[in-house]
Each structure stands twice: as structure tokens, then as C-alpha cells.
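Report on one structure; see the data block that follows.
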Amino acid sequence: MSTVEQNLKILREELHQHNYNYYILDKPELSDFDFDMKLRELQTIEKKNPEFFDANSPTQRVGGGITKKFSTVTHTNRMYSLDNAYSYEELADFETRVRKIIEDDIEFVCELKYDGASISITYKNGKLLRAVTRGDGFQGDDVTTNIRTIKSVPLELRGNFPDEFDIRGEIVFPTKEFEQLNNNRVKEGLQTYANPRNLASGTLKMQDSTEVAKRPLECLLYNMVGNNIKVETQFDALGNAENLGFKVPNISEKAKNMAEVIKFIEYWDVKRRDLEYETDGVVVKINSLHHQAELGYTAKSPRWAIAYKFKAETKTTLLNDITYQVGRTGAVTPVANLNAVELAGTIVKRASLHNSDQITKLDVRVGDYVFVEKGGEIIPKIVGVDLSKRTEDSVATEYIKNCPECGAELVRKENEAIHYCPNQLYCPPQIVGRIEHFISRKAMDIDGLGRETIEQLFRANLISNYSDLYTLKDQKANILILERMAQKSVNNMLASIEESKNQPFEKVLFALGIRHVGETVAKKLANYFKSLSSLENATFEELIEIDEIGEIIAKSVVEYFSDLSNIAILQKLQSSGLQFIIDVTEDSNKTDLLKDKAFVVSGIFTIYNRNEIKDLIEKNGGVVKSSISKKTDYVLAGDKMGPSKLEKAEKLSVPVISEEDFKQMIE
Ligand code: AMP
Ligand code: ZN
């Protein structure tokens, strides 16, 4: 082994250990800063020595891989569903069925039923090989790249592991973070996510693993499947999994009889509210693996387990009013204002009604007594109307036609459930929301003014869009006469506004708040076009040709630039001195080696990963396109490139090059 290889090995092992201390044991031995330093060191060595690439290196946790289409994988061992029990009688029936087959003493294990997305992870020789969603139980989607970013999933095992086995678990989105995320979405005028379960499975299917890495997913494990699992009981299997470095929730208990099972259920039916993730029931399993084998499976589920479902708590209360919120993008959300009720431990006064379809479906009316439920979801929802209490003078709800804030007539786009206020320019919550987005940390990063100050400045006619921020310095006297405006804080605010002129073009582009242009897309577009003026002139056709830019984004960009009021704002921003171009000469990492060459990248690569390749092309002056055309200069082909692409390249006589060729081009 060379010294480099040895160094890599030591550093990787060290980082795996620190990761384990932090995420599994909850006993970090290194400060976050020192950890980051070590990780960076590893990244640097790996970059310089791509021949020692390891898919299970701790550096892979930050993501990087893009999956355009998840490949389908057949499960080695089928993933079954569970039979449900909704009452204690049904639990007793389960016991009777088991006792008919097993004549020995039986013992139960009680576990929580985690509410997320099921996953099966295969380990071979102690290394994570593959992670597959449940799918239809026979086949699922390969989401390995995304699963690697979850910190509590070990990439390499500890202790005495079987050569090859699957571990089963649930990927969950912790409730607190879920709420935070939704609160932010409300502020940005975006539709909120319905519940943590859908968000967890949605996140697993995201194409960009870097985005997945940013989300706080957790993996909770409950089962090991394979030939060499050297334990006799389910309970010991859980303990064993823990020894191998997995995160196994520490709440499972053995029960000698149904009475003990019920005690567990009643305890957790209350205590589950203190957990960091959601659970919708208790899974009762027969403990002995030998008994499990004897009991076997029905067509769809094991005979040795049953899921007892907690009841979602429902209350009725009076619907006082329906109000409508307008977000930064103009999206309107109807909100039910209720007589306060206590539900699942919290006081509920408001519930989301989602959109007009939902209101029609439930026929909810002001003055109705409605059923409010807080089950799997964090935000309470209205699940029905108590019609027996409806009064005769009740009138059907008519969805508003005009914006409650500015009076403009609402529009509803084809295939969308939400209504929008189209009055972008003059609708106050949209203006304030856009400015709030503009100054946010990931955009222009301006300190010293929050939503309240923005509203205040807006009401005082000192700003009417974000470009006005840059002329505020001429209005200092007028600002100081406003309430709660002190000299010092105003100075800080103005200094921060000035400072923001140094933010690079990609941040400016993100700050503009063009619909569907998030942080990643802004970066992409900035790198591709290099200046605002060339982006402004781009046509729809040109935009969709760019790698990872789809029709929705392209349409939104074109629409943005065809609006003259936006152009006026942009002109003001430009004359204020914001960065509207990328200065290529300034970045010493950049070269002209691939200047103006268009690449299409396809297949699986070994030296670099796909994102690195794209970065390298861009850093060296080239561009990445999504499909092959006459204008393509090179097709960079990895392993398993689609035959149709190859055919097209040949037909159009576009040179097909290998990863090696590419490496030489940029050296
Ligand atoms: P269902 O989807 O209702 O058929 O329930 C079966 C699913 O429950 C399995 O696919 C698992 O993903 C999930 N589950 C959650 N917690 C557990 C647990 N402790 N034991 C077994 N399955 C569980
Ligand atoms: Zn409006």
C-alpha cells in the first residue's frame, strides 16, 4: 500500500469513528470545527488521488451524485406489509391465530411503528452496498446515493458482521425540523408539505443528493434479514444491529403476554408526543426467530407480527372564519380560524384548508362544527363537517375571487390547485415577501432589517421594491424619524446594504426571486451564462437545452425577463453596482481549456463522479447540455451509456470520448 493510500485509510477510519461517536453514541470527541477540518483534508487528498475513490468514504455524506432516473432492483428477500389491528380484540385474535400453530410458550416484542418510508439496505463484507425502497415489495428503487448522505446510516460496519445481509428500517423526517421547514415555506408563499412521511419519501427520490444531504433525515432500523444472522430472537437481533453501528431506537420491550403488550401500547400512545419523529402505532412481533419461521407468511404479510394502529385524535369545534394568506409568490392559502380546542397536547386555533378544491370537497362553511384531526400530520387538518349541527341559514363557501390584500382578481393556472394574486408589483405581502427573500442569508445576506422593518419602510413609501434598498442611504433623515429607528442600527443596516454589492452574480440571481429559480438553479444559470445580459437574451429553446434545466424553469425565466417592470428594477440594481457578471479572470481555478465547448455527459464514471465532471467542464470554460444535437462538441461516455444516445452521436458525427480522454483534455 502506498503512503497516500495508507493516509486515506487512516483518515477515513478516523472520520467514520467520529461520525459514529456523534450520531450513534451521541458522544462527540471532536469539535464540529475540527471535524470539518479533517473532512476537508480528506476531500483534498481524494481530489488529488481520484484512483482511490471509495463510494463509502465519509466525504460521500455531503452528496454530489445526481440520479436522473432511479433504477429498479429486485429485493433478494421480499419486503412484506403488516396486518393491522385497530382494537384490543383484534390483538387477541392475533394471539389466538399464533397459538394454533405454536404450542410452546410464546414471547412478544413490542416496537414502535415508525411513520416514514421503508428502506432495505444491503451490506456486503461490512460495507454498504445498496439501498432500495420498498416499492411493491418485490422490486424497489435504488436510492443508494441518497441514503449514503444520512449520517446515522453506517457506511462501514463495526464488530462481527455477517458476510452479506439486508437490514430493514424506516427513513423518517424529524417533526421539529419538518415544522421549521413548513414555517419557512409559509413565509415564502410556497405550499406546505402535508406530513413528514410524504416528505421523507419525497426526499429519498430527489435527484440531487447534495439537496438530500441538507435535509435532516434519520434512519430507524427494526429488522435484519439474511442467512447468517447469528441470533435466536428478534430482540437480540436489534441489540446485534446496534453493536454493528446501526441506530436502533432504544424503546423495544419484550412482553410475556397480551396484558404487557397493552401496557406498552397505552404508555406510548401518550408518550409518543415527546418523540422526535412520528409513530402511528405499535408493531407486536413474536420474539423467537424459530417460531417466526414456523409461522411463516400469508400472501402479503408475516403471520408473526401485527401492527396496532393508534387512533388519530379528533375533536369538533366551531369554524369562525376562513381567511386567506398571500405569500411572496402570490400563492393564496385558505386558513380555517377555529374556536380553540386542545388536541394531542396542543391548543389548536387554526387549521390549513390547503386550496379551493379541498373546501369544495368537504363543503366546509363558516359557522359549521368541523372535525379537526391531528394524526400523522403536524399541522392539524379538517377532516369533515358535523352536518347534524349545521344551521338552516348556512351558506356554501365561495372561494374569494380577489386578493384580500390588494383586491386584484386571482388567477388559477392550468393543472395547479392553488390560486395566485397576479399583482406582483403592487400587492403588499408579495412586495415585502420578495424583499425579505432578497435580503436573506443565502441571497444578498443583508443584516439589520427584518420583516417588520421592511413593512415599516414600505408603508412610509421609502421602498417599493428591492432595488430601492440601494437608494435608502439618501433617505437617512426620513428613516430616522420612523418609530424604533436608532442611529446606530440604521447605520448598520445601510452598511450591510452597501456591503451586499459584493455578493457574486449567482447570489444576486437567486435573490431576484424568479419563480422556480432556487439556489442550485441560480448557480447553474450564472455559471452557464456568465452575465445577466446573456441570460436575459436566452430563448426558451436555449434554456431547456441546458443540463438540469427543465421546461418549468425555462418558462419562468423567459416570463420574468419579458416583464418590463422587472427590467426597470434590474436596471436600477445594475446602476447601483450589483454584480451582474461572473469575472472569469478573477478565479484562479478557472481555465479556458474547454472554452465554448459543449458537452453531453452520460453513463457511470469511475475516476470522478458525475457532479465533479460537470464542475470540471464548467471550471475549464465548457458548458454541459442535456441532449445531443449538432451543436454538441463532445459526448463524454461512461459505463452503461444508453445505446440510443450512442446512436445519435454517431449519426450526427459527434465525437464520443472516454473519461480518460477527458482527463487528458483538462490536464
Ligand atoms: P404497512 O405499510 O401499513 O403495511 O406497514 C408495513 C410497514 O411498516 C413496513 O414496510 C415498515 O416500513 C413499517 N414499519 C415501521 N416500523 C416498523 C417496525 N418496528 N417493524 C416492522 N415494520 C415497521
Ligand atoms: Zn394581491
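The values are calculated or read from the model by the stated rules, or taken from the named source; none is laboratory data. Everything quoted here is computed from the prediction, not taken from an experiment. Using ideal geometry, Cβ is built from the backbone for each residue, glycine included, and neighbour counts are taken over all protein chains shown. Protein only, heavy atoms only, side chains kept; ligands, DNA and RNA dropped before computing areas. Shrake-Rupley method; radii C 1.70, N 1.55, O 1.52, S 1.80 Å.
Here are the numbers for this structure:
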| quantity | calculated |
| --- | --- |
| Tally of residues being loosely packed, with under 13 Cβ neighbours inside 10 Å and not β-branched (Val, Ile, Thr) across the stretch 41-56 | 3 |
| Enumeration of residues in the stretch 297-312 that are surrounded by 18 or more Cβ atoms within 10 Å (Cβ to Cβ) and under 14 Å from GLU90 (Cβ atoms) | ALA305, ILE306, ALA307, TYR308, PHE310 |
| Selection count, the stretch 209-242, where residues are closer than 27 Å to ASN195 by Cβ and open to solvent by 30 Å² or more (accessible area, probe 1.4 Å) | 8 |
| Inter-residue pairs, beta-carbon under 7 Å, first among the acidic types (Asp, Glu) and in the stretch 310-331, second modelled with pLDDT of 90 or more, 6+ apart | ASP321/ASN337; ASP321/VAL366 |
| Counted residues, the stretch 635-667 - those being within 24 Å of GLY64 (Cα to Cα), open to solvent by 60 Å² or more (accessible area, probe 1.4 Å) and part of a loop (DSSP other than H, G, I, E, B) | 2 |
| Checking THR279 against (1) more than 15 Å from ligand 1 (Cβ to nearest atom); (2) more than 22 Å from ASP105 (Cα to Cα); (3) not aromatic (Phe, Trp, Tyr), the condition it does not meet | (1) |
| Output for the stretch 243-256, where each listed residue is on the phi < 0 side of the Ramachandran plot and either crowded, with 19+ Cβ neighbours inside 10 Å or in contact (Cβ under 8 Å) with a residue 24 or more places away in the chain (or both) | ASN243, LEU244, PHE246, LYS247, VAL248, PRO249, ILE251, SER252, GLU253, LYS254, ALA255, LYS256 |
| Residue in the stretch 445-459 that is of a type in the set (S, T, N, Q), part of a loop (DSSP other than H, G, I, E, B) and away from ligand 1 (no atom under 16 Å from the Cβ) present | no |
| Number of the condition not met by ALA200 [criteria: (1) more than 15 Å from ALA131 (Cβ to Cβ); (2) in contact (Cβ under 8 Å) with a residue 40 or more places away in the chain] | (1) |
| Residues of the stretch 57-80 satisfying the condition of being of a type in the set (A, V, I, L, M, F, W, C) and open to solvent by less than 20 Å² (accessible area, probe 1.4 Å) | MET79 |
| Count of the stretch 294-312 residues which are more than 13 Å from ligand 1 (Cβ to nearest atom) and touching an Asp or Glu at 6+ places or on another chain (Cβ under 7 Å) | 1 |
| Residue that is in contact (Cβ under 8 Å) with a residue 24 or more places away in the chain and surrounded by fewer than 16 Cβ atoms within 10 Å (Cβ to Cβ), where the choices are THR606, THR632 | THR606 |
| Candidate set from the stretch 424-437 (those that are part of a loop (DSSP other than H, G, I, E, B) and crowded, with 19+ Cβ neighbours inside 10 Å); member that is modelled with the lowest pLDDT | GLN424 |
| Residue match in the stretch 57-72 (condition: more than 23 Å from the chain's Cα centre (by Cα), more than 16 Å from ligand 2 (Cβ to nearest atom) and part of a loop (DSSP other than H, G, I, E, B)) | no |
| Condition check for ARG451: open to solvent by 40 Å² or more (accessible area, probe 1.4 Å), within 16 Å of ligand 2 (Cβ to nearest atom) and under 27 Å from the mean Cα position of the chain (by Cα) | no |
| Residue match in the stretch 16-39 (condition: in the same structural domain as ILE121 (by TED's automatic domain parsing), farther than 29 Å from SER120 by Cα and part of a helix (DSSP H, G or I)) | no |
| GLU89 vs. criteria surrounded by fewer than 14 Cβ atoms within 10 Å (Cβ to Cβ) and assigned by TED's automatic domain parsing to the domain that holds LEU244 | yes |
| Answer from VAL508, VAL557 - the residue that is within 26 Å of VAL600 (Cβ to Cβ) and hydrophobic (A, V, I, L, M, F, W, C) | VAL557 |
| Hits in the stretch 186-198 (condition: in contact with a Phe, Trp or Tyr (Cβ under 9 Å, 6 or more places away or on another chain), open to solvent by 40 Å² or more (accessible area, probe 1.4 Å) and not in a helix (DSSP H, G or I)) | TYR193 |
| Any hit, the stretch 395-404, residues being among the hydroxyl-bearing types (Ser, Thr, Tyr) and either at pLDDT 90 or above or touching a Gly at 6+ places or on another chain (Cβ under 9 Å) (or both) | yes |
| Identity of the residue in the stretch 409-447, among the hydrophobic types (A, V, I, L, M, F, W, C) and touching a strand residue (DSSP E or B) at 6+ places or on another chain (Cβ under 9 Å), that ends up farthest from ligand 2 (Cβ to nearest atom) | ILE418 |
| Cross-chain or 6+ apart pairs with Cβ under 7 Å, the stretch 417-446 first and more than 16 Å from LEU512 (Cα to Cα) and among the hydrophobic types (A, V, I, L, M, F, W, C), then open to solvent by 10 Å² or more (accessible area, probe 1.4 Å) and more than 15 Å from ligand 2 (Cβ to nearest atom) | ALA417/ASN355; ALA417/ASP357; ILE418/GLN191; ILE418/ASN355 |
| Pairs with Cβ under 8 Å, 6+ apart, first in the stretch 291-307 and free of Cβ contacts under 8 Å to residues at least 60 places away in the same chain, second β-branched (Val, Ile, Thr) and away from ligand 2 (no atom under 16 Å from the Cβ) | GLN292/ILE286 |
| Options ARG61, ARG40; residue that is basic (Lys, Arg), farther than 18 Å from ILE613 by Cβ and modelled with pLDDT of 85 or more | ARG40 |
| Number of the condition not met by LYS38 [criteria: (1) buried (at least 17 other Cβ atoms within 10 Å of the Cβ); (2) away from ligand 1 (no atom under 16 Å from the Cβ); (3) among the basic types (Lys, Arg)] | (1) |
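Per-residue answers, yes or no, for (1) over 30 Å from VAL261 (Cβ atoms); (2) surrounded by fewer than 19 Cβ atoms within 10 Å (Cβ to Cβ); (3) among the hydrophobic types (A, V, I, L, M, F, W, C):
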| site | (1), (2), (3) |
| --- | --- |
| PHE108 | no, no, yes |
| LEU112 | no, no, yes |
| SER118 | no, no, no |
| ILE121 | no, no, yes |
| LYS124 | yes, yes, no |
| LEU129 | yes, yes, yes |
| GLY137 | no, yes, no |
| VAL143 | yes, no, yes |
| ASN146 | yes, no, no |
